[in-house]
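Data first, discussion second: the structure below is written as structure tokens.
The values are calculated or read from the model by the stated rules, or taken from the named source; none is laboratory data. Just so it is clear, the model here is predicted, and its values are computed rather than measured. FYI the Cβ positions are ideal-geometry reconstructions off the backbone, even for glycines, and counts take in every protein chain you see. To get the accessible areas, we keep the full protein, side chains included, count just its heavy atoms, and leave off ligands, DNA and RNA. Shrake-Rupley method; radii C 1.70, N 1.55, O 1.52, S 1.80 Å.
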Amino acid sequence: MDNTQMKNIQWFPGHMTKTRRMIASNLSLVDGVAEILDARTPLSSHNPEMDRLIKDKPHMVLLNKSDMADEPSTQKWIAYFKKNNVVAIPIDCKTGKGIKSFLPILKTRVLNETIQKRISQGAVGMPIRLMILGIPNVGKSSFINKMAKSKKTKVEDRPGVTRTKQWVKIDDGIELLDMPGVLWPKFEDQKIAVRLAFTGSINDDILDIEALSMKLLTYLSAKYPAALVSRYKIQISDDDSGLDLINKIAIKRGMLLSGGEINLERAAITIIDEFRSGKLGKITLELPEDFSNG
Ligand code: G4P
């Protein structure tokens with residue numbers, strides 16, 4: 001049981017409506033849409049309006065940061081998307097793993113009809129245009145940079161900061177349309193907001209980092225206890241609360257204030273940082289079955 005009290009996360013970025021409008025008005029310029037999701041939080045990092053926004057445009061899903069997600073869970077997600085008639089592939093923009101399969105899969109499984117139509121119309125030289133969408137921090141710039149094989153796109157956007165669209169030419173007669181980030185419009189479901197906070201998709205300034213790290217520890221002790229034991233060399237018992245766990249870690253790491261009290265804030269920041277940088281191992285934060293009851 002976790003006795004952590006956490007205030008609801010509230011964040012409504014002002015540019016959301018503008019972004020929605022921009023996506024709608026640029027859709028006629030592209031042949032398809034690639035939505036980048038975080039492999040650790042595929043549905044939490046998916047904007048629920050996406051399907052309505054992109055209408056019947058061919059689209060595919062790129063499960064990015066797959067290097068940080070656990071592989072059997074990523075396979076479950078790929079099967080989930082397949083069941084929903086969406087082609088999904090795991091990619092890792094850090095090392096480039098999976099990137100090579102993107103273009104062949106796009107051409108043969110997503111835009112095959114469009115390409116065939118172009119061939120039959122004798123318009124083979126026309127570039128294929130693809131809109132790239134995803135919430136901030138999911139890896140859009142990293143993906144586009146990898147595809148463009150140069151540092152054309154800045155990789156410095158902060159969650160909640162607006163930027164403008166840009167076209168990026170890549171090999172093979174393909175052009176990518178990089179759109180500004182779209183974030184989950186309503187944090188009605190706090191579970192989703194918390195998962196996005198774990199991965200750093202929500203601006204840290206608005207978060208209670210201690211409560212967040214206790215929630216993360218509670219999740220990890222239930223789903224990935226070995227990761228905690230191996231990283232922090234602590235003993236875990238079933239009834240440990242988030243506070244118990246953070247205390248154990250702080251003590252183990254010698255994170256104490258001058259009076260000998262535990263430095264909770266320092267421990268919390270460390271735990272969140274280590275999780276986000278992958279030091280705790282490959283961890284997935286949600287599975288398709290977590291969403292089966294709405
Ligand atoms: P965005 O355009 O969607 O906002 O995301 P961006 O590409 O800026 O990526 C956000 C952060 O995620 C970056 O880290 C980036 O390096 C990291 N990232 C992107 N793709 C992957 C991936 O497949 N695996 C892993 N492990 N990380 C990925 P950062 O800390 O903001 O910058 P830096 O580490 O590159 O300096």
Handout entry: Top-ranked residue of the stretch 13-39 - restricted to ones that are charged (D, E, K, R) and open to solvent by 20 Å² or more (accessible area, probe 1.4 Å), ranked as modelled with the highest pLDDT
Key = 31
Exercise for the section: Check whether at least one residue in the stretch 200-219 is over 30 Å from residue 46 (Cβ atoms) and aliphatic (A, V, I, L, M), and report yes or no. Expected result: no
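Listed here are the residues, each with its yes/no results for (1) under 25 Å from residue 73 (Cα atoms); (2) in the same structural domain as residue 73 (by TED's automatic domain parsing); (3) buried (at least 18 other Cβ atoms within 10 Å of the Cβ).
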{"site": "213", "(1), (2), (3)": "yes, no, yes"}
{"site": "217", "(1), (2), (3)": "yes, no, yes"}
{"site": "229", "(1), (2), (3)": "yes, no, no"}
{"site": "233", "(1), (2), (3)": "no, no, no"}
{"site": "246", "(1), (2), (3)": "no, no, yes"}
{"site": "262", "(1), (2), (3)": "no, no, no"}
{"site": "270", "(1), (2), (3)": "no, no, yes"}
{"site": "273", "(1), (2), (3)": "yes, no, no"}
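Could you please find all residues in the stretch 87-107 being open to solvent by 50 Å² or more (accessible area, probe 1.4 Å) and farther than 15 Å from residue 173 by Cβ?
94, 95, 97, 100
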Exercise for the section: Answer yes or no: is there a residue in the stretch 205-228 that is within 13 Å of the ligand (Cβ to nearest atom), modelled with pLDDT of 80 or more and not β-branched (Val, Ile, Thr). Expected result: no
Exercise for the section: Name, by its number, the condition in (1) over 30 Å from residue 32 (Cβ atoms); (2) of a type in the set (S, T, N, Q); (3) not in a helix (DSSP H, G or I) that does not hold for residue 201. Expected result: (1)
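The rows are residues; the columns are (1) surrounded by fewer than 19 Cβ atoms within 10 Å (Cβ to Cβ); (2) touching a Pro at 6+ places or on another chain (Cβ under 7 Å); (3) at pLDDT 75 or above.
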| position | (1), (2), (3) |
| --- | --- |
| 136 | no, yes, yes |
| 153 | no, no, no |
| 166 | yes, no, yes |
| 174 | no, yes, yes |
| 177 | no, no, yes |
Exercise for the section: Looking at (1) near the ligand (Cβ under 9 Å from one of its atoms); (2) at pLDDT 75 or above; (3) surrounded by fewer than 19 Cβ atoms within 10 Å (Cβ to Cβ); (4) among the basic types (Lys, Arg), find the lone condition where residue 140 falls short. Expected result: (3)
